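Read the structure below first, then the notes.
The values are calculated or read from the model by the stated rules, or taken from the named source; none is laboratory data. Remember, it's a predicted structure, so these values are computed and weren't measured experimentally. Glycine gets a Cβ as well: all are built from the backbone with ideal geometry, and neighbour counts include every protein chain shown.
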Amino acid sequence: MRFLTHRRRFDDLSEQEVLALAISSEEDDARIYRSYAERLRADYPETASVFDGMAVEEDTHRAALIALHQQRFGEVIPLIRREHVAGYYARRPVWLVENLSLERIREEAASMERDAERFYLSAAQRSTDADTRKLLGDLAAAEAGHQTAAESMADKASENGDEEDATRHRQFLLTWVQPGLAGLMDGSVSTLAPIFATAFATQDTWTTFLVGLAASVGAGISMGFTEAASDDGQLSGRGSPLKRGLASGVMTTVGGLGHALPYLITDFWTATTIALIVVFIELWAIAWIQNKFMETPFWRATFQVVVGGALVFAAGALIGAG
């Protein structure tokens with residue numbers, strides 16, 4: 001609270017301080033855009049070039065503002081930054097956006113420009129001093145021009161962005177979909193035998209649920225660690241082993257729990273009937289994901305998953321009944 005009381009109100013700033021605030025803001029934004037460019041350069045060179053251009057635009061605005069300050073107030077620029085002014089728009093720290101998707105980073109940049117323009121327009125409308133109003137209006141016009149330039153650069157990049165989009169889609173498949181699908185298949189299919197073998201052998205729903213829970217969680221932990229340890233992603237380009245392991249482990253557990261949870265129902269045949277329906281839905285969902293994301297022909301995916309699942313289920317049921 002003490003920090004907040006030491007913030008200045010924008011209406012209390014002098015014209016020189018407003019100009020100094022604009023200079024520091026333009027400098028900060030240029031640094032942010034250069035950080036975005038460096039972050040994206042290896043995988044998305046077209047978008048990185050857009051952010052390079054936006055940083056140059058910010059430098060141009062800052063140079064013009066410094067020249068104006070030298071003309072009106074001299075060489076010494078007061079030290080005033082965003083955090084010194086109450087209600088002034090904030091910028092998200094760069095480290096908080098490092099793991100955002102390409103679309104979210106682009107949205108963040110667009111939001112930066114809109115915030116700056118809106119702030120200057122609002123400040124100009126509230127000002128009663130003619131010179132201050134003109135200064136703030138000029139700043140708003142500069143931000144509007146910058147936003148237009150940024151949008152045109154983004155449009156230019158999007159015209160050549162098919163390769164970037166393909167790279168991003170491929171990375172999504174390799175990091176999340178592929179290990180998640182493998183986990184879902186393993187969890188859904190491999191737990192069929194122990195769960196239904198226990199069900200038909202004991203006809204005890206609680207025991208069946210406990211076996212299913214243990215099998216699902218154990219398989220999830222095993223698959224997660226196996227996926228994370230099998231490939232660090234450096235040479236294969238499959239992305240973070242932590243992300244892949246998380247996707248594989250969680251989906252393996254989910255796949256097994258799907259047909260274990262019905263055995264929380266105390267009636268054996270009701271629970272078994274619902275579990276069979278869940279298995280049918282799981283197998284068809286796997287076939288759909290294979291067709292949608294992995295471009296596997298639908299009937300081929302269906303044959304592989306449904307027939308394989310049916311065989312595992314039959315084995316478990318026969319062993320349990322015997």
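Of the conditions (1) among the β-branched types (Val, Ile, Thr); (2) modelled with pLDDT under 75; (3) crowded, with 18+ Cβ neighbours inside 10 Å, VAL85 clears all except one; give me its number.
Exception for VAL85: condition (2).
Give ALA317, ALA271, ALA260, ALA321 a once-over and let me know the one that is within 22 Å of MET223 (Cβ to Cβ), of a type outside the set (Asp, Glu) and either in contact with a helix residue (DSSP H, G or I) (Cβ under 6 Å, 6 or more places away or on another chain) or surrounded by 15 or more Cβ atoms within 10 Å (Cβ to Cβ) (or both).
ALA260
Pick from GLY256, GLY245, GLY249, GLY220: which is in a helix (DSSP H, G or I) and either over 22 Å from GLY180 (Cα atoms) or free of Cβ contacts under 8 Å to residues at least 60 places away in the same chain (or both)?
GLY220
Condition first: closer than 19 Å to ALA317 by Cβ and either surrounded by 21 or more Cβ atoms within 10 Å (Cβ to Cβ) or modelled with pLDDT of 90 or more (or both). Now tell me which residues in the range 282-306 satisfy that.
Across the range 282-306, the qualifying residues are GLU282, LEU283, VAL305.
Look at ALA215 and say whether it is surrounded by fewer than 18 Cβ atoms within 10 Å (Cβ to Cβ), assigned by TED's automatic domain parsing to the domain that holds LEU173 and assigned to a helix (DSSP H, G or I).
No: the conditions fail for ALA215.
Read through the list (1) surrounded by 12 or more Cβ atoms within 10 Å (Cβ to Cβ); (2) modelled with pLDDT of 65 or more; (3) closer than 25 Å to LEU19 by Cβ, then give the number of the only condition that THR128 fails.
Of everything listed in (1) surrounded by 12 or more Cβ atoms within 10 Å (Cβ to Cβ); (2) modelled with pLDDT of 65 or more; (3) closer than 25 Å to LEU19 by Cβ, THR128 misses just condition (1).
For the range 42-59, which positions are under 26 Å from GLU15 (Cα atoms) and either modelled with pLDDT of 85 or more or more than 32 Å from the chain's Cα centre (by Cα) (or both)?
Listed by number, the residues that qualify are ALA55, VAL56, ASP59.
Assuming TRP269 fulfils every condition listed in (1) touching a residue at least 12 places away in the same chain (Cβ under 8 Å); (2) part of a helix (DSSP H, G or I); (3) more than 25 Å from LEU173 (Cα to Cα) apart from one, which condition is it?
The one condition TRP269 does not meet is (1).
Go through the range 252-273 and give me each residue that's of a type in the set (A, V, I, L, M, F, W, C) and under 16 Å from LEU213 (Cβ atoms).
Selection gives VAL254, LEU257, ALA260, LEU261, LEU264, ILE265, ALA271.
Might you check whether a residue that is not in a helix (DSSP H, G or I) and not hydrophobic (A, V, I, L, M, F, W, C) occurs anywhere in the range 297-318?
Yes.
Considering only the range 132-151, I want to know if a residue exists there that is more than 21 Å from PHE51 (Cα to Cα) and modelled with pLDDT under 70.
Within the range 132-151, one or more residues are more than 21 Å from PHE51 (Cα to Cα) and modelled with pLDDT under 70.
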